[in-house]
Amino acid sequence: MLSRRSFLKVFAGMAAATPLAGGAALFRRWRAGLGSRGAPALVAAPGVDRTLVHLADVPARDGDATIAYAASPPAPAAAGLAQRRWVMVIDLARCDGCRECTRACSAMHFAPAGQEWIRVYEMRDNDAAAPYWLPRPCMHCDNAPCVKVCPVSATWKRADGIVMQDTSRCIGCRFCIAACPYGARSFNWVEPPAAQPGRGAAYDEAWNQVHRKGTTEKCIFCPGLLNEGRLPACATACPMGAVYFGDQAEDAATNSQGETVRLSALIQQNAGYRLMEELGTEPRVYYLPPRKRAYPAPPQGGGHAVIPGGHR
Amino acid sequence: MRDWLGRPRFSTREEAVLASMRATGPAYYALVGALVAVIGWGLIAYAVQLRHGLGVTGLRDNFMWGVYITNFVFFIGVSHVGALMSAILRLTGAEWRRPITRMAEAITFASLLMGALMPFVDMGRPDRILNLILHGRLQSPILWDMLSITTYLTGSTLFLFVPMIPDIALLRDHFKDGPAWRHRLYTVLALGWRDTAGQRHRLETVMAVLAVLIIPIAISVHTVVSWIMAMTLRAGWNSTIFGPYFVSGALFSGAAAVVTAMAAFRWAYHLEDYITERHFKRMGYLVITLGVIYAYFTFNEYWTPLYKLAEHERGYLAAVFSGPFAPLFWFTQIAGLLLPLLLLTLPTISWVSRLQEIKLLRPRPALAAAGAAAGVLIFTSAAGAPTAGLGDGAIVRALPWVLTVVAAWLFASFLPVFRKHPIASAVVASLLINVGAWVKRFVIIVPTLQYPFLPIQRAPAGWAFYHPSWVEWSITAAAVAGFILIYILFSKLFPIVSIWETRAEGEAVHAGTP
């Protein structure tokens, strides 16, 4: 018979062994995502359940192909365009804060009142620095904090880099909003206006024009327009040509002025950077610093306009 | 106790426990009625929220979590006391725990039910709850919460039930009054307990296994609860010590809740023979120990970012220490931690009684001052605050300071009174601790949201601050009422003190043989 003392011994042994074994297995799986920059990103699968997406052109290492992290994306638009690696570059030197991007985005997606999926911030990094405008779409991070925490795969990473959102699956826990360091996510706190006539009358996550109460939404890089070979609505609308959109695999980016440039050169020659690089989110949106701006600066220390809409 | 197979006699204190289950006076019904009314109102508020969406709360895009998640962390925290009292004290052989273990386990049960409810109240789409099972992804801390809380609920329900089996058998055999369903319930739940040696051995084994298992489960529960914040990058939440910090706060608030329950049941059910001043003293030491540990974690959590003042940490730190959230934060530190610990140490501080030699520190002048302050407050608010001659906002701005001074004065004056009434002072301390615990969770959650990485800009009118709405307060009140209701209903159905376990204390039980 098991005495109390020997029971405790056996139990202590088991208690010590279980996390060790589990930890070793977990470490093997997570090793894939740690270390070098070229390592496969920890993102959800493109159609095939429980596999890694390799965003960088690094072949899978033996034994690292499966990972518990991956999700099973819900819809046809889930997988994304396999040969593409979408990237946005925003030239802050050209942005004059007109917010045409925001308006075009809201018009294209019929975004509910009070939401701005690409929001233009008035920024000033320190007292010595000049103020500047900062348009902030979703960063479509490769190490996306929102994708990590979503409990139901309502948000996931496509093979072409887009972080998608499915409001027909979202349970409204708002963990993704808490996790996003860029504040890029909005919630439908009340019943949004009824579906608009036209293309988006039926819910299509690639267009995201139909909205639902109690779910989270955000910028999705307009996959519907991309499928048609067009730029996202904000890039098209920018009168300054400040928003470039392109494909990393093709190494090309285009703006509303019809300029098509080498993406790598655009970033490298203009000291492109990513927002909050230190957080390790690996954003897919690059910024060119607001150097030699040709427009008036934002009002210094001025109050920020309150946007219309938003329930009380 | 073998011979209660024959015709047992209950000791007077056991009769008191049994009488508490039998005698149900008007006060009890009034309390139940009041609680049901509060719960009903909360249900109406929830119906409004279901109908119109979470927009009826004060939550907004920047403040995606608020009072509901505060309640969640608070109730789950209070629930930890079951594991502490029953498992840790059982394993360490603290025999004085026996009369209060069941109270602690019942607190665990009731507060876990309320805590587990909160994330569902907080959900935007409760109709899609099944998605958590159909499409659940294990790497989301929400799933960890689900798994650990359901495991803990199962474990602690077992831990409440298993040690109750001998008592249920006793009720089955000797508690004949009341409706027939009650007797049938006891018969079923007693699981055929006949108090044989084999049954007793199995019971002891199961209890020992449960006691060992429940400790890591309980710790895991509050650790993963803290991780819904600590797994984000947000300044103020992005902390490696959130797990132990939350666990220590949980044990502290739970132990304080047990002190309140001890006093309430002792008074209402006349359990003075079971729950003595000795128990309050012991629990007081336990609460002090846990409070000091919690204070240590709190200090760690704030001092390290405060020293470095990294850019993104500055916002919430300034807000918490001297900004808009400072009154709440300092309330938790002074009224929720320092004063309760002082109150609990009072019996060992001899100079306190000499305080009354100071004329100003006698209760009467302090009460008079408090009355005068209240009078001025009512007068100014009735006269309309910014009337001429009152210096516009000056009074309103000075108000927190005036109230603090008056409260400190009152407290100092009543210290000697508290010293003479240790149980009353323990109750005041534990109530302060629990109010402070709730506010502390609010202060952990909300200030961080006020200072995200990118500043809050272009928010629609009224969206830049978090003002909890009547819906949130109503549902919170209903959750507290639900907790109390479950607790007192439980106490009418099952003895709130473990009869068979306290018999083993070796006290003279059998006054005579039949």
Q. How many residues, within region B:47-68, are within 9 Å of another protein chain (Cβ to nearest Cβ) and of a type in the set (A, V, I, L, M, F, W, C)?
A. 5
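Return yes when B:VAL497 is part of a loop (DSSP other than H, G, I, E, B), at pLDDT below 90 and β-branched (Val, Ile, Thr) and no when it is not.
In short, yes.
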Q: Check B:LEU143, B:LEU117, B:LEU138 and return the single one that is assigned to a helix (DSSP H, G or I) and facing chain A (nearest Cβ under 10 Å).
A: B:LEU143
Q: Scan region B:343-383 for residues that are out of contact with any Phe, Trp or Tyr (no Cβ under 9 Å at 6 or more places or on another chain) and within 26 Å of B:THR298 (Cβ to Cβ) and jot them down.
A: B:THR345, B:PRO347, B:THR348, B:ILE349
Q: Confirm whether B:LEU203 is more than 19 Å from B:PHE72 (Cα to Cα), touching a residue at least 40 places away in the same chain (Cβ under 8 Å), of a type in the set (A, V, I, L, M, F, W, C) and buried (at least 17 other Cβ atoms within 10 Å of the Cβ).
A: yes
Q: List the number of the failed condition for A:ALA130; all other conditions in (1) more than 13 Å from chain B (Cβ to nearest Cβ); (2) surrounded by 22 or more Cβ atoms within 10 Å (Cβ to Cβ); (3) farther than 23 Å from B:THR232 by Cα; (4) not polar (S, T, N, Q) hold.
A: (2)
Q. Among B:THR223, B:THR205, B:THR232, which is the only one that is at the interface with chain A (Cβ under 10 Å from one of its Cβ atoms), at pLDDT 90 or above and in a helix (DSSP H, G or I)?
A. B:THR205
Q: Would you be able to say whether some residue in region B:269-279 is free of Cβ contacts under 8 Å to residues at least 60 places away in the same chain and either touching a His at 6+ places or on another chain (Cβ under 6 Å) or not aromatic (Phe, Trp, Tyr) (or both)?
A: yes
Q | Check on B:ASP173, out of contact with any Lys or Arg (no Cβ under 9 Å at 6 or more places or on another chain), of a type in the set (Asp, Glu), more than 14 Å from every other protein chain (Cβ to nearest Cβ) and over 30 Å from B:PRO244 (Cβ atoms) | A | yes
Q. Going by the structure shown, is B:LEU271 within 14 Å of chain A (Cβ to nearest Cβ), assigned to a loop (DSSP other than H, G, I, E, B) and of a type in the set (A, V, I, L, M, F, W, C)?
A. no
Q) Taking region B:50-87, which residues are aliphatic (A, V, I, L, M) and either farther than 21 Å from B:ILE129 by Cα or assigned to a loop (DSSP other than H, G, I, E, B) (or both)? A) B:LEU59, B:MET64, B:VAL78, B:VAL81, B:ALA83, B:LEU84, B:MET85, B:ALA87
Q | Cross-chain or 6+ apart pairs with Cβ under 7 Å, region B:291-306 first and under 23 Å from B:SER430 (Cα atoms), then surrounded by 13 or more Cβ atoms within 10 Å (Cβ to Cβ) and polar (S, T, N, Q) | A | B:ILE293/B:SER248; B:TYR294/B:SER248; B:PHE297/B:SER248
(Q) Could you tell me how many of the residues in region B:467-480 are within 13 Å of chain A (Cβ to nearest Cβ) and either more than 25 Å from B:VAL32 (Cβ to Cβ) or outside any helix (DSSP H, G or I) (or both)? (A) 2
**Q.** Breaking point among (1) in a loop (DSSP other than H, G, I, E, B); (2) crowded, with 24+ Cβ neighbours inside 10 Å; (3) not basic (Lys, Arg), for A:SER168
**A.** (2)
(Q) Checking the conditions here, which among A:VAL120, A:VAL152, A:VAL190 is without any contact (Cβ under 8 Å) to a residue 24 or more places away in the chain, over 15 Å from A:ARG274 (Cα atoms) and facing another protein chain (nearest Cβ under 10 Å)? (A) A:VAL152
Q: Those residues that are over 30 Å from B:VAL428 (Cβ atoms), of a type outside the set (Phe, Trp, Tyr) and surrounded by 13 or more Cβ atoms within 10 Å (Cβ to Cβ), I need them from region B:307-324; list them, please.
A: B:HIS312, B:GLU313, B:ARG314, B:GLY315, B:LEU317, B:ALA318
Q: Would you mind finding the one in B:ILE129, B:ILE44 that is surrounded by fewer than 24 Cβ atoms within 10 Å (Cβ to Cβ), away from chain A (no Cβ under 14 Å) and farther than 25 Å from B:GLY284 by Cα?
A: B:ILE44
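The values are calculated or read from the model by the stated rules, or taken from the named source; none is laboratory data. Everything quoted here is computed from the prediction, not taken from an experiment. So basically every Cβ, Gly included, is an ideal-geometry build from the backbone, and we count neighbours across all protein chains shown.
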